[in-house]
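Take a look at the structure set out below.
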Amino acid sequence: MSGFTADPARFLRGRIAVIGRALARPDLDADERRTAARTRARFESELNLVEARTAVLEHAPDARRRLLTV
């Protein structure tokens, strides 16, 4: 594996950034803005899970804290 598929956290951060830029556009209508915000929230939740899982697998000192955010 290489690139984004090898690093799911990096992939999700990229998607969150793209949606953030889209949300900054003034030409989005209310439905588009709602959909983008909901999608970003879903990706942020997925990112929290991926980061918590990685912290546990790597025996990171903040693993417990990360698990509590999920």
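The values are calculated or read from the model by the stated rules, or taken from the named source; none is laboratory data. Here the structure is a predicted model, which is why all the values come from computation and not from measurement. Here the Cβ is made from the backbone with ideal geometry for all residues, glycine too, and neighbour counts use every protein chain on show. Please note that ligands, DNA and RNA were not included when accessible areas were found on the heavy atoms of the full protein model with its side chains. Shrake-Rupley method; radii C 1.70, N 1.55, O 1.52, S 1.80 Å.
Brief remarks follow.
- Backbone HN-Hα couplings from phi across the stretch 22-29 [Karplus 6.51/-1.76/1.60, Hz, Gly and Pro as x]: 5, 5, 6, 6, x, 8, 6, 7
- Here is the result for the chain: no chymotrypsin sites (Phe, Trp or Tyr not before Pro) lie in DSSP coil with at most 15 other C-beta atoms within 10 angstrom of their C-beta.
- Solvent exposure of the stretch 31-70 as accessible area per residue, Å², 1.4 Å probe: 77 Å²
- Apolar share of the accessible surface for the chain: 57 percent from carbon plus sulfur atoms, 1.4 Å probe.
- Remark on the chain: Rg and Dmax equal 14.5, 45 Å (Cα only).
- CD proxy at 222 nm, helix term only [per DSSP H run n ≥ 4: -39500 (n - 2.57); per residue of the chain; nearest 500]: -24500 deg cm²/dmol
- Dipole magnitude (debye, nearest 20) for the chain, charges at Cβ of Lys, Arg, Asp, Glu: 100 debye
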